[in-house]
Amino acid sequence: QFDTQRTGGDAANTYNQASEAGYAAVLDCPKPTLAKIRGICMGGGLGLAINCDMRMASADSKFRMPAGRLGLGYAFEGIKRFTEVVGTANTADLFFSARIFGADEALRIGLLKQMAPVEAFEEVVSAYVQMVCENAPLTLAAAKRTLLEIRKNPHEQDLAGVQAMVDACFTSEDYKEGRKAFAEKRTPQFQ
């Protein structure tokens, strides 16, 4: 696509707008998102993964942000998202060096929530996803909405909308079920 869609000017802008729209769709998804990484996660793939709420990778995964080796510019929002996940110094390193690094370093710098051995990777990811899915859907939605609002400038935040979602949790049947299950020392069955 470098010779056809990323040639500069309008073509590069069109490509970048499409990429940003894809990243925003993941970032703004109202449900929790998890990047399941096994193998190579570089360039646009790493850009997509960074926009997920969490990232899990197999121990043999490799990462790279090669923009500096390609001579292309990376949009403000994209770099901002990297800084939110791994911090300014780590973002600077990843973009300035354009080096390849492993899953162990990705875990250490906060890019990954968890790293698992190759042979256990599928089971580890499935167990985590199952754990999340067993939680109250309204609670997850309220937490996700809060995380989305935190990313916004304070004057753009819809704190009343967040509070309405939190309030809805407390008036829900799931809250009643959660309290009852807690008292009975059993797993709740949320609706």
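The values are calculated or read from the model by the stated rules, or taken from the named source; none is laboratory data. Source: prediction; values computed, not measured. Cβ sites come from the backbone with ideal geometry, for glycine too, and all protein chains shown count toward neighbours. Note: accessible area is taken over every heavy atom of the protein model, side chains too, but ligands, DNA and RNA are not part of it. Shrake-Rupley method; radii C 1.70, N 1.55, O 1.52, S 1.80 Å.
List of remarks:
- Of all residues in region 165-189 being open to solvent by less than 60 Å² (accessible area, probe 1.4 Å) and small (G, A, S), the one that is farthest from A141 (Cα to Cα): A181
- Condition broken by A18, with the remaining ones in (1) more than 25 Å from A103 (Cα to Cα); (2) in contact with a Leu (Cβ under 6 Å, 6 or more places away or on another chain) satisfied: (2)
- Each residue in region 16-35 was checked for being among the charged types (D, E, K, R) and farther than 16 Å from C133 by Cα, and 2 pass.
- Filter result for K152 (at pLDDT 95 or above and either exposed (fewer than 15 other Cβ atoms within 10 Å of the Cβ) or out of contact with any strand residue (DSSP E or B) (no Cβ under 6 Å at 6 or more places or on another chain) (or both)): no
- Any pair with Cβ under 8 angstrom, 6 or more apart, that starts in region 147-161 at a residue that is within 22 Å of C52 (Cα to Cα) and among the charged types (D, E, K, R) and ends at one that is open to solvent by 80 Å² or more (accessible area, probe 1.4 Å) and at pLDDT 95 or above: E149/L159
- Residues that are open to solvent by 40 Å² or more (accessible area, probe 1.4 Å) and small (G, A, S), drawn from region 99-127: S126, A127
One line per residue, one yes/no per condition, for (1) modelled with pLDDT under 90; (2) closer than 17 Å to T91 by Cβ; (3) open to solvent by 60 Å² or more (accessible area, probe 1.4 Å):
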site: D3; (1), (2), (3): yes, no, yes
site: G8; (1), (2), (3): yes, no, no
site: N16; (1), (2), (3): yes, no, yes
site: V26; (1), (2), (3): no, no, no
site: P30; (1), (2), (3): no, no, yes
site: R38; (1), (2), (3): no, no, yes
site: L48; (1), (2), (3): no, yes, yes
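- Considering residues of region 50-77 that are buried (at least 20 other Cβ atoms within 10 Å of the Cβ) and more than 18 Å from V118 (Cβ to Cβ) only, the residue farthest from the chain's Cα centre (by Cα): M65
- Among the residues making up region 60-78, those that are in contact with a helix residue (DSSP H, G or I) (Cβ under 9 Å, 6 or more places away or on another chain), among the aliphatic types (A, V, I, L, M) and closer than 21 Å to A11 by Cα are A67, L72, A75.
- Among (1) buried (at least 17 other Cβ atoms within 10 Å of the Cβ); (2) of a type outside the set (S, T, N, Q); (3) touching a Phe, Trp or Tyr at 6+ places or on another chain (Cβ under 9 Å) - the single one V85 does not satisfy: (3)
- Applying a threshold of 6 Å to beta carbon distances and a minimum spacing of six or more residues, or different chains, the list of pairs starting in region 170-182 at a residue that is polar (S, T, N, Q) and ending at one that is in a helix (DSSP H, G or I) reads S172/L138.
- Filter pass, T146 being open to solvent by 70 Å² or more (accessible area, probe 1.4 Å), in a helix (DSSP H, G or I) and among the hydroxyl-bearing types (S, T, Y): no
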